[in-house]
Structures are given as C-alpha cells and as structure tokens.
Amino acid sequence: MNKLLLLFTVFSFGFSALSQDITIQGFVSNEKNETLPFVSVSVKGTNNGVRTDFDGNYSITVRDTAGLTLAYYFNGYVKQEILVGDQRNINVVLVSEIQDIDEIVVVGYGEVKTKELTGATSKVKGEDIEKMNLARMDQALQGQVSGVNISTNSGSPGGASNIRIRGLSTFGDNDPLILVDGVVYDSEGLNALNPSDIKSINVLKDATAGIYGVRAANGVIIVETKNGKINSKPKIQYNGYYGVQQTARRLDLLTAEEYAVIKNEAFAFGDQEMPFNNTALGVGTNWQDSIFVSSPVQSHNFSMTGGTEHTKYSIGLGYFTQDGIVGGDKSHFSRYNARLNLSTDITSKLKLNSVFLYSNELRNTLPESGIGSVLYNTINAFPNEPIRTPDGNYSYLEEVSDIINPVAQIENQYNWGWADKFVGKEEFVYSFNDHFTFTNRFNYNYAQTKGKVFSPLVWYGDGKYANTAVNADLESPLVEIADSIFLERGASVYEERASYIDLTFESFVNYDRVFDSVHRVKSTAGISVFQRKGESLNGTGFNIPNNSLDYADISANQAEGGFLNNVNSWEFNERLLSAFLRAEYGYKSKYFVSAILRRDGSSKFGGNSRYGLFPSGSAAWLMSEENFYNLDFIKYWKFRVSYGVSGNDQIANFAYRALLNGEGVYVFNDIITQGVAIGRPSNPDLKWETTRQFNLGMDLTAWRRVDFTTNFFVKNTFDLLFQPDVTAILGSYGAGGYPPIINAGDVSNQGFEFELGYRTLPGKDLFASVDLNFTTIRNKVTGVPSGVDFIPGASFSIGGGVATRFEEGYEIGYFIGHEMDGIFQNQEEIDNATVVQEGAQPGDIRFVDQNGDGVINFNDDSDRTYLGSAIPDFTMGFSLNLKYKGFDLSANLYAAVGQEIIRNYERQQPYANQLGYVINRWTGEGTSNEHPRLTTGSTRNTIFSSYFVEDGSFVRLRNAQFGYNIPKSILRKIKVEAVRVYVSANNLFTLTRYQGFDPDIGASNALSAGVDYGFYPQAKTFMGGVQITF
Amino acid sequence: MKKTVLYFGILGMLLFMNSACDKFLAVDPPYTQDAENFFQTAEDYERALTGAYDLLQGSFMSLWIGEIASDNSIAGGESVNDTQGLHQIDEMTHGGVNLDLRSLFRWNYAGLTRANYLLENKDKIDFVGKDVIVAEAKFLRAYYYFELVKFFGDVPLIIDKRIGIEEALALDRTPASEVYAQIETDLTEAAAVMSYTGLVKGHATKGAALSLLGKVYLYQNKFVDAASTFDQVIAEGGYSLIGDYSELFTAANENNTETVFDVEYSGLEGGGYGCYICLEGNAAPGFHGIRQYNGPVYGDGNSYNLPTQDLYDAFAATDPRRDLSILDLDAFIAAQPNAESISYAIGAGGHTGYYNNKYIKRIGEIGLPDNDLTSPVNYRVIRYADVLLMAAEAHYQKGNTGLAQQLVNQIRSRAGIQGINLSSIEDIYRERRFELSGEGHRFFDLVRTGQAASKIPGFQTGKHELFPIPQAEIDLAGGNWSQNPGY
C-alpha cells in the first residue's frame, strides 16, 4: 500500500511539474481518532474527487488553489468544507451527525431510539466511565446521571459503593438490578467488572423498568460491554496509567502536650488526681502518620476490535492493582480481566451473539468502619504513648480499654479474599423476516470464591478484646474439651471456599412493523427462567506451627487429634420463573404508547403468595413533530408520562419458613453442649415489596447545542420486607433467634431531576461540552408496622442508645436526640433557667426543652428531636470537556448538599485522644458557647445531641484530566495511529465543613448511613497515563 | 401473520400457566431440619431441652436489677449512658422505655417458649428417660415464669404451645395468681419425677425444683406450704453449708454441697457485645470488675453494680462476710506490697470505692477474649444458705421462732460469728442481706417484705413493687394490655 502511495505521489509530482498542478494530501479521521476509509473528498463545484484509502489517506490534484474549497463527505457524518488557501496538507476530523436522539438505547429485551423512548432513562457512555480511572463502575458513575445517588461504603481498595436510584425505598435491600449484557450482577460482585470493558450504561429509573418485574423496584442498570464493528480492520489499543494515592485529609488531633494539659483539666473537673505532672511532652506520637501511607495504583488494558463481513469481535485484557492509603498491601485490591464479545451471522437469518467475561480478583482487608477498626483506634490512641516501647514491643495503650495499637493491629491482620468469575451469554437471534425476530439466550454467572483469615497469637495489652494469646509471651489459651483435658488453641486459620452459579434461560419474540406508513406496532413477549445456587465449605484449623504466616493453612494445623478444628458448610438454591409482554404503538413518530405486563414466580416466598403480576404503562408525545409547532430553535421537544408497579424480592432464602437455626447452647458438665432452638418463626404469607411509580418528564434540544431532560416522580413503596420487632411472647428473642420477616411499612420518595447539556457544534477547532445534572428527592416513611413506634437503627457511642430511626413522617434513618442550645456559662444561669436540667454545671451543654414541660427529660423521647439525616437535600454532578486541536481538558465535580453526619469516632473515655476542637472548650465564663467543658466526672455532655451532628455537605472535584494527542504526522512515522498522554487527578479537592476523614459516607444499611466510626477515606490520587491505538 | 398469532398464543399460555411452575419454585432448604419434623428421636428431645436451658444464661440481668434497684448498689459503668436502663432503675426513674427490662422480658419469654416447644411435642414418641426430660422442661418453664411474675406481675400465660402473631394479639395479661398457680403445678409435677443426685452437672435436681417451689410459696406469703417444702429439702436433699464462706463464689469450688441450683457458664467461648444472650460466659463478673485495673488478684472490668456505703456500713466490722462480699478497693490496694504500681480508673457512671466481691473478675477465672463477657463463674440461683434463711423466715412467720433462730444461727456460725436471739422478723431480713448481698435477691426481698419504701430512695409504694411492662411490648401485643399502676 505504502509503495503504491509512493508511486502515486511520484507520478503526481511528475505530472504537476509539467502542468503546474498542485497536490493536496492528508488523512481523515473521526472524533474518536479512528481513521475513516472511503471518505469522499472533492473539489467543490467540480466533478474532481477521490476517496480516502483504507488508512484514511487521500491525495487530490488540482490546478489552482485560488478560492478552492475541498468538500469532505461520508455517510453518517457532517459534511465539511475547507478553504484550501496555502495549505497543502489538510487533515480533517469528521463529526458524526447521528444525534443523541437517534441513538439506540437498550431497554429490557429490546432496543429503542432515544427519540421514541417513553420511559425515564439516563445513559452514560463507556468513555465517561473509563475516564474516571477508578476500580469500580459504581464509583465512576457517581455524579454522572440524575436520579442516581451513589455514596461510598469504604474508600479502601475494592470497597463498594451504594447505588440508590431515586432514593431509599426500603428498609432492606435498596440495590438496583444490575445486568451486564443481560447477565444478573449483584452490586457486591461489581469488583469483577472492568470499567474499561464498558461500552455504555443505561439506567432505567421509572416504571418502565417493570419489564423486570419483581426485581425492578430499585431501578435497573443495563451495562453493555464493548463490541466490534462489521467490516473494520483490527484496531489494537492500549490504555494504561500509574498513580500515587495519599489521604486527602488528616484529622486535627491533639499533640502530646495539648493532650496532657487538657486531660489534667478534665481529671480535675472530675475531682480526680491530675494524671500528668509534666505537661511539656512536645508533639508526641502522630498515630496518623504511622498508618497513612502513600501507595500506588496502576491499570493496564489491551483491546482489539474489528470485524469482517459476517462477524464482529472485541477482545479485552486488563490488569488493575491498588494498595490502600491505610495499611498499604494489607488493604489491597487487584484484578485480571479477559473479555471476548463476538457476533456472527451463522446464516442469513440466524445470528449468534456471544459474550465471555473472565475475572480474577484478590482483596485484602483491614477492620473498617466500626469500633475496633484501624482508623477508630488511630483516632483514639493517645499521643504520649510511643508506637513502640523502648524494649521494641508495640505499646499497649492500656489506659483506654477497647483501643489497641493500630500499627500492631495492621501488622497482625491477615485477610485474603479471592474470586474467579466466569460470566457469559450465548444468544441466538433468528429473524423470520424484517419484522419478526425470535431470540433465545442462555446466560451464566459462575463465581468461585476463596477466603482465608490467619489469626496469629497476639497480645495487645491487658484486657484488650483483640487478644488471642493469654499474655505478652504469646502463650496460647487452653481449651477444656472434656473434664480436665486441656488443649492448646494456638494460632488459627479460617478458610472458606464457596461457589455461586446463576443460570438464566430467556426466550422472547420481538415484532416491529409499520402499517400504512404511520402506524408503528412493536411487541415483545417472552419467558425467563432463573436459578441461583450457592454452596460453601469452610473450616478453622487450630494450633498453626510457630505462630507463623509461613504455615497459615489448614493443612498445617497441629490441633491435637483435630479436636478443636471445626468445619461448616451451607447451600442454597433460589429460582425465578417469569413471563413478560410489552406492546408498543407509535403514530407518525408523534405519539407513542407502551404497556408492559410481567408475571414472576419466586422461590423466596411460600405457596400463599409466590406469584406476582406487575403491570406498567407509559406514553410520549413529540410536540416538535406536530404541524402547528413552529419554534425553530427547539427542533426536538418531547413529553413523557409513565406509571407502573414493580417489586423487590431481595430477602434471604427460606425466610417464610421456621427453621431450627437458633442457638440452643448450654454448659453441662463444664462442656459447651449444643442443643437446638427455633431461629426465626415462620410467615407463610410473606410476599414481595411493591413499588408504584409515577413519572412525568420532558426532553428537548435547543439550538442543536443544548439538551435538557427533566423528570418529576412519585415513588411509593408498600409492604416493605421487614423484620420489625414483634411481641416478646412469640419467644423469638433467644440466642440466635430473630423475629419473623413480615410485610409492613411504607415509604414515599418524591423527586425532581434534570440534566442539562451543552456542546459546541462540530467542525470547529475548539470543542466544548458542559453537562450538569441535578437531583432532589424527598424521602419519607409513610407507615410503620402496627404497634411499632419506630425501628431503631445505629447506636451512638458505647451503649449510648439509638441515634437513628425508621419512623413515620421522617426520612429513613433520620437522626434523633437532644438539641444543644449553647453552654451554661455560670451557676446563676443554671439556677435562673426556666427549664430544670438535672446535673447541669457551668460549662455543660444547655439542652432545649422540646415539649416545654420545664424539665429536660433524658429518659424518654419527650425532649428528643429531629437532628438531621444522611439523605442529601440535593445532589449535583457537573462535567466539563474541552478539546482544542490535540489538547483536551476535562473535569468532573460532584456535590451533595444538605445531609448530616454523626461524629461517632470519639471513644468517650478519660484517656482517649481527642480532636483539636476541644482546645476551644469552655474553661470559664464567656470562654465558649460551642464546646462544653471536659470532665472525667459524670456529665450529660456525652449523650447523643446536636453537638455530635455535623453538616456533611460537600463539593468534590472527582476527576480532573489534561491530555494531549500526539500529532498524526509524527505517529505515522512510527506506524501508530493515535497516542494520547495525560495527567489526571482524583479527589483533588473537597470543599466541606465536615471534620472527619471523608464526608462521602455511605452504608449498605439505610439506617447506619451517615454514622462515622472512622471511615476509610477515598484517596487523593495523581496519575499519569497513556492511550495508544495501533 | 398467522405465525405471529401462534407465537403470541403460546407465550400467553406460558404467562398464566401455573402447575409446572409450582414444582419448579417449591425449593426446600437443603439438608435442614425443620421445626415441624423434629422430635423423632430421644436425642432430639435432649437437644431441645438444652435449647430451653440456654436462656438461663441471661441471669446476670436479674442479678443486676435485683441489686441496683435496691439499697445494695448503684449502676456504675463508663458513663450515665452506659446501660442507661440500669441507671434509671438505680434512680427509680425507670419507665416503659427501658432496654434492659425489655431484654429481661424477651429472654424469659424465649426461654419458656423453648420449654413449651418441647412440652407441645412431649407425646410424639416414647423412650426411657423421657419423663425426666419433660420434668426438667417444666422446671425451666416455671423458672422463667417466676422471673416474669416477680418483675412484672401479670403476664400472658402460654402453656404447651407456640403461638402466632394473630394469636399473640388476642392474648391479655394473665393475673399473677394464675401464673403462680401454673408455676406451682409445674414445679410440683417436676419434683415428683426428678431425683436429688446422680445427674449430669448443670441439670436441675429435685432439690432445685422443691427449693424454687418453696421460694415461690414464700413470695406469695404461703408460709405453711413454704415451710413444709423447705423442710423436705433440708431433710431429704443431703445439702450442707460449706466450711469457708470465701470459697463460695470461686469457679473452682462450683457445684459443692451447698449448691442447690446454679446457672452454668463456661469461659471457653468468646463473645461480643452485640448479643449478650448468645454468651456462654457469665457477663456479671467481668462487668463488675474494676475499670482498667492493673494489679494483683483481680482482672479489669467495667465497674458495674457497685456496692453502696449503706451496705458496707450495715455489716458489723467483725462480720467476715463484709469484706468477702464487698471489695474496698483502696484499702485492698493499700494492703498490697507494691501498692504504688497498682492503678485503676473510675467510671463516670458513678463510684463508691466498693466492688461486688462475690461476682468479680479474678485472675485465674478469666475466659477467652473478650474476657469481660466470658467468665466461667456460675450464677448461684439458690444455695443451701438461702434455703435455710427462707425456711427460717417461713417458720418464724408460722410462729416457730425457735426453729427459725436455729436455722439463722447455722448461717452465722458458718460465717464465723456469734449466734443471735431473734427478736423480730427484721433480724432474719437483715441476716438475708448480710448473707446474700450482691447475689440479686435484695430488691425482691425488700418488696415482698414491705420494706422497700423505707429503704430505697425514690421508691413509691403502689408503683415500684413491679417494674413496668416495656411499653414497646404493650404496643406490639396490640396495645390492649394495661400498664402496671403508676407507670
């Protein structure tokens, strides 16, 4: 080819030398840097024209360039004309003319053009996910679409996020149904999915998700992986980056000197001897410095895509590895991915679509988010204690019970979780004719997981809960297995093997025909059979030799006679049998109506209510297609409405039956003896949760540059799957016992969301796009089970009572406690107060008498009040993309505003370290009206009150990226098609008033959201990367 | 077009077809014994009985409330938030919202439900030894009901069956007298089958059943029945007081001749704060322990249930039971050779300087981590000294003063102090306090003997004799139960 080109060029030169002809050459590509073959290049107003070759090169000969214009045209792209002037080398980028509204969107069991959609959906392109350079799709999705709120469960490598589509609708499982190429993925399993493999994500937010029936109530996320293109030559790509992560924030904790001074004062207030004679202790130990590390993250992805006349393919290979900013490789995630997407025409009527995804992952974890977590220990460890004592041992921090040396804790933590996952689909699509296709597909999702926990003999100091040895010499505890027969426990290893397999068979027909050129009829009907099986075998081996990691395997156990070792297993099986119908009708591309009916049978429920019927309907009106419509600047204007019923069956299997899985254990003859007890009473009437959702929406495009979509919705969920308290006389509150799961309680979510996008018209040097999305949701519990006032949620401090609730009239998990009204400045103020606050002393928090009875009541709810909730008032995503010639710049901002966080990482003990704000405490009249006095004596300053509730609003620059495309002219010499290099940063800044590590705090349990126990923060990451296309 | 119709027809049929689907969806839990197919073998009965015993291990809560509500001790702990319910009880400000009372209510109902589950199925099969298993189940049911009636008065009486939610909503509180009648029946029937000796350690004996029966009579002021029942235990049971009072509460000296009924604990299983009723260890000794204590003899703990100055002062200085029941910590430390190196902390939940020296974490009686929760020390529900004192009380009330005095002086002589001449019933009451303080009996003794109002600050007659039914339980049972008077 190149030789030919050379020859051609030589000829042209020869020719031009004779007749003064001028050759203009260059190449043509599209916005994605893909070269475009067969593009027509012609001299405007003449018949003189050529086409680009297979590599997108062209060369055209003209007589004269004065006033000459070249026109570049290719089907599907915007025609471009360029005034030649003095240019002899013209490279052109053609811009696709397919507008967003003509894009195909995948909905359940079918596809539809955006223009014809009747439901509320949001689409995200794969590149917008990939660009974020994050390990998980859910992390990357944060702030990208309206109506979807994503909060982070943990910033540790491999940590999951919560995806909440249109609010919290239940007490239990709020996770949406996630389908990857039609295969069910649970959100926990998202670690296996490589964000680089994603072509697009489409979120079904309203009742049209009802095509998925009993699993659709929390919304549906449809992920498509990348595939190839018919008749395209192989394109090989490499994407890689390397980054360094560090903590975005450290807490302001007391130095040793500050600590000593403040503790002396607190002890004095408590009428106790001051513990520090000498307070000149300097800075002391900075425990945060000892546990936060700077750690690497890197990712490498190869892909090859292409196609022949009858086959298209896409192959991907990926590797990702990340160490934690706490604990380094003790908090680690790595993943290998392989992917093959293949579509081929077996015959002219039969097509095979095949997807195969393989992943192998490893995650190491440290104790997180709770009392006993590394960060909780770090915050509360006091600064006058060295990390190691002079004899080289880790210090014990003995003055504070429950707090152990976090450095020692990290060192002694050995936790591995591996998973191998095979996910795939074989889909046969048979086309009877142009209108009628019959699809049969078989999906599988097989996961093999392996876990190991090594618990060496360790000693953290007297009385520490985490001790596994009996003393500092690491002697093993003895276990009496029979009268006076003692065995050494030693170090132990727990291992688990589990496998899960999902099999789905789906068969459906799609019908699509236009009658009389105005009536378009579409229909889908089919069945789906789903089965999930899981089984596990696990065991613990004791007395691991030498207390050594080298022998950390059950096979190495030396438990005498194997007496102490134990094994366990479990197995489950769940099934879903469904049938669905969808009928759609469109008139003149103006009016669209659609109706869905789905019937599900679920093995999760008993015979009394195993089957559910889920209908929904939707309609759209393209006002801009009407004859009377004459607004020129808005070419596309659509209204949508939908209403429907969907379900949620996400509860444990066999919840409707009474099993003997309680704990009935007693001590006879000094031996722990196993008996039986009923665990959870039965409820044969158990059924799914029902969600009814109404949506009103509008889409428009103005001036070809501005897209606007807005939705208003009301989403009511009934018959929540609940395990509320039941009367004690049922007898279900023994050990291992729990109340039956029942259907009770209602939740309402009302919201408003919009997406606003602006992009410059194609063809200019400067390309700019700005996208803004906004969501506000009002969440309210509208019913609780009869006899239940509220469902208690997370507790505050140690034994400090319940701080969050599920209660009628409030948001799910709202905070309730006493309200602070400044500080009592002196005794007079207390004596003269109209409200009696028992035990108050100058410097104590003054509480608000909510019920006005003149007494602050600490024993009941009468003076407790609403103190906030973890649900934001609104969330916003903002993204900016700029491209100028070879340069590109992008930024993603996410804001969540109006939510509160409970500061719950302070161990309220005399010797625990404290945050720097205590420096501004009350020390005498007029010194502070915000921070109460410190005392080790009896005080109510430590009960849950608004003093511990902080504003959790934040704005975060999630990602900023600056890239440069190396010019083609250079690349051609090295036979590379495109190279982009970039620098990128995640979480560069966060604007917040919150004092903790990270305001982006989620929890899978809706009632513990917003309670900060020392959250593992998301890292601030600086990355450099390269994308090469061959 | 015809084809289309055909396909839609078939799919439509599939959509609404049922029978084949039912079979596909009726999945049974693999390898699992169900509540309904149990009681097939003798072993099944034994395992169900073990399950019914399990709830005895919540005894530490009765112990705490029995002491903290009385003049014997204060709640203590890390702060006033630390087990708030106990602090409220301490101050006599407790109401219908009290997590600790609710736990107690729940656990005892769970216990009797497990006994009922066995008794409901008692006729399924026959085998040798079934009568003893059934007798023990009755004993346990009586034990749990006695706890309930003692704390709450009238409680719904459920016998030999499990109930569903609908049935629960229809139940009302059964008058205490009827509950007591059932307890008496169960214990009488149980005692008739049980034997005094030859049992596996931990199982209830005939002596346990009769002593509990005597106690139940005493609580109803049925002094004649009480006296004769205790006489039977004293005559037949073969019990005797052990020589050394200081040995009574050690793990090493459990199940001695003085043991009538113990709740058994083990230090060999770890535990967590999330579920106290799941523990196999006794939570009381660890919680009674000295906060962040670093020194000899004792382990560190959570400074709960701290004896009052009033209790300490009530003892004669010569009574060795004072220091064996109450640890005067500073005095103890001062007496140690290395006093300066011994340290401890004071909880913000209250401090008296005294600790419960009967149930306290001692070095050598420490279970697995977290050893605040895993003490192997048994709870002495009824020991022979208690039987003798209860017998003395019953006989005194009957007019048999001489026998009563002789019984009381058995106790005093074992303690190593001089006998007394009984001048009034108060002397026996006082002796009960000296002998049994820190063991969870005091509040109920004060109530049943009418002394509570004079001894407990804040105690209101006509109200505080009973604890309130947890408000949540009233609501959950349909809201029809009346609350106890005054709450």
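The values are calculated or read from the model by the stated rules, or taken from the named source; none is laboratory data. Owing to the predicted nature of the structure, the values given are computational and were not obtained by experimental measurement. All Cβ positions, glycine included, derive from the backbone under ideal geometry; neighbour counts span all protein chains shown.
Key figures for this structure:
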read-out	value
Complete set of residues in segment B:334-354 that are touching a helix residue (DSSP H, G or I) at 6+ places or on another chain (Cβ under 8 Å) and either in a strand (DSSP E or B) or away from every other protein chain (no Cβ under 14 Å) (or both)	B:339, B:354
Condition check for residue B:231: surrounded by fewer than 20 Cβ atoms within 10 Å (Cβ to Cβ) and either outside any loop (DSSP other than H, G, I, E, B) or within 14 Å of chain A (Cβ to nearest Cβ) (or both)	yes
So residue B:373, is it in contact (Cβ under 8 Å) with a residue 60 or more places away in the chain and either surrounded by fewer than 24 Cβ atoms within 10 Å (Cβ to Cβ) or aliphatic (A, V, I, L, M) (or both)	yes
Residue match in segment A:374-385 (condition: β-branched (Val, Ile, Thr) and surrounded by fewer than 21 Cβ atoms within 10 Å (Cβ to Cβ))	no
Segment B:361-412: number of residues that are of a type in the set (S, T, N, Q) and either within 14 Å of chain A (Cβ to nearest Cβ) or not in a helix (DSSP H, G or I) (or both)	5
Some residue of segment A:550-564 being more than 21 Å from residue A:713 (Cβ to Cβ), away from chain B (no Cβ under 14 Å), among the β-branched types (Val, Ile, Thr) and out of contact with any helix residue (DSSP H, G or I) (no Cβ under 9 Å at 6 or more places or on another chain)	yes
Criterion: modelled with pLDDT of 95 or more, within 22 Å of residue B:57 (Cα to Cα) and not hydroxyl-bearing (Ser, Thr, Tyr) - qualifying residue of B:186, B:231	B:186
Matching residues in segment B:104-120 - criterion: being more than 8 Å from chain A (Cβ to nearest Cβ) and crowded, with 18+ Cβ neighbours inside 10 Å	B:104, B:108, B:115, B:118, B:119
Hits in segment B:22-41 (condition: among the β-branched types (Val, Ile, Thr) and more than 7 Å from every other protein chain (Cβ to nearest Cβ))	B:41
Pair list, Cβ < 6 Å and 6+ apart or interchain, from segment A:669-692 residues that are within 12 Å of chain B (Cβ to nearest Cβ) to residues that are among the charged types (D, E, K, R)	A:669/B:201; A:672/B:269; A:672/B:280; A:675/B:47; A:676/B:47; A:677/B:114; A:682/A:657
Flag if residue A:462 is assigned to a loop (DSSP other than H, G, I, E, B), in contact (Cβ under 8 Å) with a residue 40 or more places away in the chain and among the acidic types (Asp, Glu)	yes
Test: residue in segment A:916-937 that is aliphatic (A, V, I, L, M) and either assigned to a helix (DSSP H, G or I) or within 33 Å of the chain's Cα centre (by Cα) (or both)	yes
The listed residue being out of contact with any Asp or Glu (no Cβ under 9 Å at 6 or more places or on another chain) and either outside any loop (DSSP other than H, G, I, E, B) or at pLDDT below 90 (or both), out of A:239, A:202, A:149, A:191	A:149
Residue match in segment B:278-292 (condition: without any contact (Cβ under 8 Å) to a residue 24 or more places away in the chain, surrounded by fewer than 22 Cβ atoms within 10 Å (Cβ to Cβ) and either assigned by TED's automatic domain parsing to the domain that holds residue B:76 or outside any loop (DSSP other than H, G, I, E, B) (or both))	yes
Selection within segment B:50-66 - more than 7 Å from chain A (Cβ to nearest Cβ) and closer than 10 Å to residue A:675 by Cβ	B:52
Number of positions in segment A:78-109 that are modelled with pLDDT of 85 or more and on the phi > 0 side of the Ramachandran plot	1
Residue in segment B:71-99 that is nearest to residue B:283 (Cα to Cα), counting only those that are at the interface with chain A (Cβ under 7 Å from one of its Cβ atoms) and part of a helix (DSSP H, G or I)	B:84
Some residue of segment A:842-860 being within 13 Å of another protein chain (Cβ to nearest Cβ), touching a residue at least 40 places away in the same chain (Cβ under 8 Å), over 30 Å from residue A:878 (Cβ atoms) and not in a strand (DSSP E or B)	yes
The listed residue being touching a helix residue (DSSP H, G or I) at 6+ places or on another chain (Cβ under 6 Å) and closer than 30 Å to residue A:724 by Cβ, out of B:168, B:190	B:168
When residues of segment A:640-692 are limited to those that are part of a loop (DSSP other than H, G, I, E, B) and of a type in the set (Lys, Arg), the one farthest from residue B:44 (Cα to Cα)	A:687
First in segment A:361-374 and closer than 11 Å to residue A:451 by Cα, second anywhere and basic (Lys, Arg) and surrounded by 19 or more Cβ atoms within 10 Å (Cβ to Cβ), Cβ under 8 Å, 6 or more apart	A:362/A:335; A:364/A:330
Criterion: among the hydroxyl-bearing types (Ser, Thr, Tyr), under 30 Å from residue A:671 (Cβ atoms) and in contact (Cβ under 8 Å) with a residue 24 or more places away in the chain - qualifying residue of B:379, B:355, B:344	B:379
Every residue from segment A:433-468 that is farther than 30 Å from residue A:422 by Cβ, under 38 Å from the mean Cα position of the chain (by Cα) and within 12 Å of another protein chain (Cβ to nearest Cβ)	A:455, A:457, A:458, A:459, A:460, A:464, A:465, A:466, A:467, A:468
Number of the exception - residue A:698 against (1) outside any strand (DSSP E or B); (2) surrounded by fewer than 23 Cβ atoms within 10 Å (Cβ to Cβ)	(1)
Subset tally (residues that are touching a Lys or Arg at 6+ places or on another chain (Cβ under 7 Å), of a type outside the set (Val, Ile, Thr), under 16 Å from residue B:220 (Cβ atoms) and within 14 Å of chain A (Cβ to nearest Cβ)) for segment B:138-193	1
Qualifying residue in segment A:469-492 (condition: in contact with a Gly (Cβ under 7 Å, 6 or more places away or on another chain), within 13 Å of chain B (Cβ to nearest Cβ), under 26 Å from residue A:672 (Cβ atoms) and assigned to a strand (DSSP E or B))	yes
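Conditions tested, residue by residue: (1) buried (at least 17 other Cβ atoms within 10 Å of the Cβ); (2) closer than 26 Å to residue A:1019 by Cβ.
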position	(1), (2)
A:242	no, yes
A:248	yes, yes
A:262	yes, no
A:273	no, no
A:285	yes, yes
A:294	no, yes
